[in-house]
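Everything below concerns the one structure shown next.
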Amino acid sequence: MDEGEDGEKTALIDLVLVILDGSTRDLGTSYQILNEVIIPELGDDTGRILIALNQADIAMKTGRHWDYEKNEPDDTLKAFLEDKVTSIRTRIKEDTGLDITPVYYCAGYKEESGAVVYPYNLSKLLYYILNSLPVEKRAAVFGGLNTDAEQYEYNDDDMDYNERVVASADSMADYVAEGINNGAVAGFCILGAPGAAVGMAVGAFVGGIKGILSHIF
């Protein structure tokens, strides 16, 4: 919450994650919500909007085009998804002037046949979420992280997203380290309660997160 000069408290939006169905062609309603609801609420600070395309594995109606051995889209599906990302980015740019590049991903599941589709691009999505959040707010994401390393194994090869996620944790740790002698700063920003004791607890919490991440990534 943010308190204005008049004492009135208003909610602050740290991040808006818009999840679209990667298999649908009709995104008119989603564009309308972006244009008429989300963007007006954020005002000039629209850098906090992320768009994710779910169900990347079944995005094409003409066939599955999923490489089960590599657990990734085949070349046909990759081309389709990249075209869709470009189309959405262009449409948003034309409508709003914003430069937003969607991230496509698959959450993973087990099919009736017994075949397993593992998550794909979850590390990429996690990295973009963390990168869009203020450094002091990243603890909330790390605190609820799935600790199964297999969930983050498969991603596109644009960059090492696992390494970038760990770097985000390091940035948060540096932030806490700088403020740890001022418990009110560290405690308030992360836990909502001031105090040196809370600041020390935050430091221990961050240390625990880094230990978990070293196991996952």
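Could you tell me whether any residue of region 114-126 is of a type in the set (Gly, Ala, Ser) and assigned to a helix (DSSP H, G or I)?
yes
Mind listing whichever residues of region 47-64 are within 18 Å of Asp26 (Cα to Cα) and open to solvent by 60 Å² or more (accessible area, probe 1.4 Å)?
Gln55, Ile58, Lys61, Thr62
Inspect region 116-130 for any residue being over 27 Å from Arg64 (Cα atoms), among the basic types (Lys, Arg) and within 13 Å of the chain's Cα centre (by Cα) and give the result as yes or no.
So far as region 116-130 goes, no, none of its residues is over 27 Å from Arg64 (Cα atoms), among the basic types (Lys, Arg) and within 13 Å of the chain's Cα centre (by Cα).
Hey, among the residues in region 65-96 that are open to solvent by 70 Å² or more (accessible area, probe 1.4 Å) and not in a helix (DSSP H, G or I), which one's nearest to Lys124 (Cα to Cα)?
Lys70
I'd like the residue in region 105-142 that is of a type in the set (Gly, Ala, Ser) and modelled with pLDDT of 85 or more and, out of all such residues, is nearest to Tyr161 (Cα to Cα). Walk me through how you get there before you give the answer.
First, the residues of region 105-142 that are of a type in the set (Gly, Ala, Ser): 107-108, 113-115, 123, 132, 139-140.
Keeping just the survivors that are modelled with pLDDT of 85 or more gives 107-108, 123, 132.
Values: Ala107: 16, Gly108: 18, Ser123: 6, Ser132: 14 Å.
Within region 105-142, the match that is nearest to Tyr161 (Cα to Cα) is Ser123.
Looking at region 107-149, which of its residues are over 25 Å from Ala59 (Cα atoms) and touching a strand residue (DSSP E or B) at 6+ places or on another chain (Cβ under 7 Å)?
Ser132
The values are calculated or read from the model by the stated rules, or taken from the named source; none is laboratory data. What you are looking at is a predicted structure, and each value in this text was computed from that prediction instead of being measured. Here Cβ is always computed from backbone atoms with ideal geometry, including for glycine, and neighbour counts include all displayed protein chains. Side chains are part of the model used for accessible areas, which takes the heavy atoms of the whole protein and leaves out ligands, DNA and RNA. Shrake-Rupley method; radii C 1.70, N 1.55, O 1.52, S 1.80 Å.
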